[in-house]
Amino acid sequence: MTAIELHGVTKQFADVTAVDDLDLAVEEGEIYGFLGPNGAGKSTTINMVLDLVRPTTGTVTVLGRDATADSVDIRRRTGVLPEGFSVYDRLSGRKHVEFAIESKEADAEPEALLERVGLSPEDWDRKAGGYSKGMCQRLALAMALVGEPELLILDEPSSGLDPAGAKEMRDIVRAEADRGATVFFSSHVLGQVEAVCDRVGILRDGTLVAEDSIEGLRDAVGGEETLDIETAGVDETALESVRALEGVSQVTRVEGSDGRIRVNCADDAKTRVIGALEDAGVGVSDFHTEEASLEDLFLAYTEGDSASPGTDGDDEETAEAPTDGDEARSASDDEPEGDDDEPEMEPEGTERDEAGEADGTGERAEAEETEETDEGTEETDEGTEETDETDPTATTEEVER
Ligand SMILES: Nc1ncnc2c1ncn2[C@@H]1O[C@H](COP(=O)(O)OP(=O)(O)OP(=O)(O)O)[C@@H](O)[C@H]1O
């Protein structure tokens, strides 16, 4: 069975097409990395999977159920780490986890979860308003893990985490997959994706431009590798003989070195390159191969005019992780009025369910139809209303737009 399935899903916000006729299938038990540049439509897709946003057209099925009609059941079986997670400042970490346990009607030990995500016992009863970004992120993960969910949806999970925290996050993701959970996570931190995902989907302008294992993507981009060769010294004639070889696309000297050269070539051209240098009398003292990095792959699929991989891949800047971890705590400023009071400890999805039952199709659907001109704003407000009252893990992203 597929854990997540989207068929022909489009989401239009006024004149912005956030997701465009998207087909996506995530198999049960796999770790699926969802990549894409800023604004590609990742969060919108995740929000549709969670029924926080409804598709303009198309169908979304999660754990074999309809994402809209069965959203309460789906949310009970799903653990979510939302982008821009905001804590309740005055509640302790322990209270947050207890809230999640109560919401899910789960049988879980808050301490075990807090410990699992690496929060120290001395922090468990501190107010989460004093937590660092990384601690907030760990707390969000602890809440997502409550009740051993069948599906984990992690939106930028390593945001705000230091390298050790990111590694712990990966270990937990792997352990969850070993337990049988499906993990769907979006990230800009490509190393995270590479280290942990079985499959990767790359979204661009709301469309899936690539979907494969990392290896498969590499092959699709051309499988070109970079040979870094250390020589005792090399002249232009020898370099020309390498340039003339079949499968070699580029030969450059490494600036500042005496005899190091870099050769971009197909996998099967490597031995020819070394042979040609030796034939030209060049002493090769060492060489190693660098595979195309995930950054290169990402850029190949997401840059340029076409939605197919290009060849360019030097500008790693573009693929750097954004600093959206800032939202983790600052977003708490957007808490609902009267945040002096503790939030009501209602089961997750209660308000949503009532809203859905109010008119049979959900208030949002109606609002979208009647207020077409201000669709985005309408959803924004509504998302806040629904999620803040029911779930402190709810994203505030739509509010901020
Ligand atoms: N509530 C909304 N109202 C209006 N436009 C929206 C809304 N939500 C998303 N969009 C637009 O839809 C597009 C996709 O946004 P989305 O947040 O899904 O992208 P993303 O891939 O998650 O980006 P990022 O990596 O920056 O978080 C963007 O152009 C965004 O401005």
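Before moving on, here are some points about what is shown:
- Pairwise label distance in nanometres, R126 with D23, each label 7 Å out on the Cα-Cβ vector: 5.1 nm
- Length gained on full extension, A266 to D171, computed as 0.36 nm times the residue gap minus the Cα-Cα distance: 30.8 nm.
- Alpha-carbon centroids, segment 25-95 and segment 115-178: separation in whole Å: 17 Å
- Note on segment 1-66: semi-axes of the ellipsoid equivalent to its C-alpha gyration tensor, largest first and rounded to whole Å, are 20, 14, 9.
- Taking 7 Å steps out from each Cα toward its Cβ at E111 and V72 produces label points 3.4 nm apart.
- Across all Cα atoms of segment 224-291, the radius of gyration (one decimal) and Dmax (whole number) stand at 10.4, 29 Å.
- Note that segment 46-63 has calculated 3J(HN,Hα) couplings of 4, 5, 6, 4, 8, 6, 7, 9, 9, x, 6, 9, x, 10, 10, 10, 10, 6 Hz, one per residue in order, obtained from phi through the Karplus relation 6.51 cos²θ - 1.76 cosθ + 1.60 (θ = phi - 60°); glycine and proline are x.
- The slack between D258 and H288, meaning 0.36 nm per residue of separation minus the straight C-alpha distance, is 9.1 nm.
- Three-way shape call for segment 156-285 based on the alpha-carbon gyration tensor, with the a/c threshold at 1.5: prolate
- Remark: for residue pairs K42/K95; K167/K270; K11/K95; K104/K167; K42/K167, the C-alpha separation exceeds 25 Å in K42/K95; K167/K270; K11/K95; K104/K167.
- Rounded D (µm²/s) - segment 98-179, Kirkwood Rh over Cα pairs, Stokes-Einstein at 4 °C, 1.567 mPa s: 99 µm²/s
A short reminder: the numbers here are calculations on the coordinates, not readings from a lab. The shown structure was predicted, so the numbers you read here are calculated from the model rather than taken from an experiment. Neighbour counts are summed over all protein chains in view; Cβ atoms, including those assigned to glycine, are modelled from backbone coordinates with ideal geometry.
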